[in-house]
Amino acid sequence: MKAMLTRLIRAGLTLALAASLAMPAGAAQRSLPPIIPGVPPAESAPVALLVDVTNGQVLHARNPDRRFAPASVTKVMTLYLAFELMAEGRLQPEQVMEMSPAMWRDWRRKGSNMALNLGDRISVRDLLMGIANVSANDGSAVLAEGFAGSVPAWTAAMNAKASELGMRGSFFSSPNGWPDQGQTFTTANDLVMLGRAMIERHPMLFRDYIGHPGFAFNGLAKINHDPLIGRYPGADGIKTGFTNEAGFNYLGTARRGDQRLMMVLAGVPDGRLRAQLARNYMEWGFTAFQRPILFKRGAVIGHARVQNGTARRVALVAAGPVAVNLPNGHSAPLAATIEYDGPLKAPLVAGQKVAVLTITAPDMAAAQIPLMAREDVALASPFERVANGLAAWLPW
């Protein structure tokens with residue numbers, strides 16, 4: 001069942017958060033009008049989503065679960081799968097793969113490419129650089145066949161990873177997003193889930209491969225068409241996409257200090273418009289909200305009960321400072337709860353994610369911040385378990 005923090009601690013959190021944004025004496029609470037000029041109009045971007053992935057708070061959403069063809073944004077899943085394989089030691093950057101006759105026949109200079117020729121031998125590192133930064137259709141196919149033996153085997157692995165991440169509204173039938181009569185589809189919520197997993201699980205690989213201004217291979221240099229990289233402070237990826245079927249799409253992210261925002265735009269009718277919308281949308285996300293720090297880095301936010309451990313409770317902390325986005329001028333009090341599947345079962349390891357802090361306020365999307373055990377809790381000995389069982393009958 002879902003175990004909740006004790007009423008005393010819950011009430012203390014609520015009061016503390018309310019005090020941190022207390023209203024002036026005599027001021028009346030009110031809802032602000034939805035004046036959001038940085039949000040793309042519906043006729044320009046039928047699908048739009050902006051999320052603070054630092055705390056999971058949705059800043060704006062339009063049709064976040066509508067399915068659409070991702071075009072080359074599909075390659076983010078190919079990159080994520082490759083990063084997973086590299087982390088497992090099953091794929092190495094220095095591995096060499098070859099442009100086979102079958103891949104040459106199907107993908108020679110087809111759409112965005114990295115100028116691979118029949119028989120070219122190319123490292124996994126260069127393939128990933130080409131896929132991430134010049135949207136190489138040929139590189140995606142060579143990687144798929146080179147590792148999995150066939151493109152269908154690779155796309156099956158892509159879909160398995162999507163399922164692991166909980167991407168319920170997505171399916172991939174190619175490694176690169178080439179038009180396939182709608183067989184490949186995704187949603188904005190799923191893409192944010194994917195982008196967030198890529199950054200959180202593989203931060204070093206993300207930094208090494210994503211967000212370069214371009215890439216050159218076989219004497220041909222091409223540029224990255226990401227509308228924010230090099231044009232917007234803190235932007236570092238992730239991927240654009242375009243086909244006549246899909247329109248102009250974008251999964252993008254930028255970071256300022258401890259905050260990272262991630263956006264999805266889909267179905268934009270023009271590439272220049274996509275660039276303008278992306279910059280305005282991101283700037284709105286960073287500037288239209290006040291972002292009070294509610295808990296400093298390392299602060300104990302609460303405690304969770306532990307079963308069969310050397311300690312009966314474990315302190316809960318966040319990975320960094322805990323902040324929430326409130327529309328500028330918002331003054332309503334905040335409330336917070338901590339949820340976990342409990343009591344937690346020992347052993348626990350410091351840094352293990354064990355709970356979620358949810359912060360809410362009127363007219364604000366909830367922020368959900370993962371909480372971790374601050375310290376190790378070892379499995380108790382039989383004698384300690386008996387003592388803990390007796391202590392559990394006492395108030396704490």
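The values are calculated or read from the model by the stated rules, or taken from the named source; none is laboratory data. What you see is a predicted model, and the numbers here were worked out from it, not measured in a lab. Cβ sites come from the backbone with ideal geometry, for glycine too, and all protein chains shown count toward neighbours.
Some points to look at:
- Counted residues, the stretch 289-324 - those being crowded, with 19+ Cβ neighbours inside 10 Å, under 22 Å from the mean Cα position of the chain (by Cα) and small (G, A, S): 2
- Count of residues meeting criterion [buried (at least 22 other Cβ atoms within 10 Å of the Cβ) and over 11 Å from A132 (Cα atoms)] in the stretch 206-228: 2
- Filter result for the condition that a residue is under 15 Å from N176 (Cβ atoms), touching a Leu at 6+ places or on another chain (Cβ under 8 Å), among the hydrophobic types (A, V, I, L, M, F, W, C) and surrounded by fewer than 24 Cβ atoms within 10 Å (Cβ to Cβ), over M99, M114: M99
- Counting the residues of the stretch 39-77 that are within 13 Å of A266 (Cα to Cα), among the charged types (D, E, K, R) and crowded, with 19+ Cβ neighbours inside 10 Å gives 1.
- Search result, residues across the stretch 358-381 that are part of a loop (DSSP other than H, G, I, E, B) and hydrophobic (A, V, I, L, M, F, W, C): A378, A380
- Scan the stretch 192-224 for residues that are assigned to a loop (DSSP other than H, G, I, E, B) and modelled with pLDDT of 95 or more and the total you get is 6.
- Considering residues of the stretch 233-247 that are surrounded by fewer than 18 Cβ atoms within 10 Å (Cβ to Cβ) and within 22 Å of the chain's Cα centre (by Cα) only, the residue nearest to A197 (Cα to Cα): G234
- Of all residues in the stretch 78-100, those that are free of Cβ contacts under 8 Å to residues at least 40 places away in the same chain and in the same structural domain as A148 (by TED's automatic domain parsing) have Cβ atoms under 6 Å from Cβ atoms of residues that are among the charged types (D, E, K, R) and surrounded by fewer than 19 Cβ atoms within 10 Å (Cβ to Cβ), 6 or more apart or on another chain, in P93/R125; V96/R121.
- Tally of residues being within 21 Å of V51 (Cβ to Cβ) and either aliphatic (A, V, I, L, M) or buried (at least 21 other Cβ atoms within 10 Å of the Cβ) (or both) across the stretch 133-188: 7
- Pairs linking a residue in the stretch 41-57 that is closer than 20 Å to M364 by Cα to a residue that is in a strand (DSSP E or B) and not aliphatic (A, V, I, L, M), with Cβ atoms under 6 Å and 6 or more positions apart or on different chains, are A48/R62; L50/H60; V53/R260; T54/Q259; T54/R260; G56/Q368.
- Cross-chain or 6+ apart pairs with Cβ under 8 Å, the stretch 346-361 first and within 30 Å of N328 (Cβ to Cβ), then of a type in the set (D, E, K, R) and part of a strand (DSSP E or B): V356/E339; T358/E339
- Of residues in the stretch 344-359 being surrounded by fewer than 17 Cβ atoms within 10 Å (Cβ to Cβ) and not small (G, A, S), the one nearest to D376 (Cα to Cα): V349
- Per-region count, the stretch 254-273, residues more than 21 Å from the chain's Cα centre (by Cα) and surrounded by 20 or more Cβ atoms within 10 Å (Cβ to Cβ): 1
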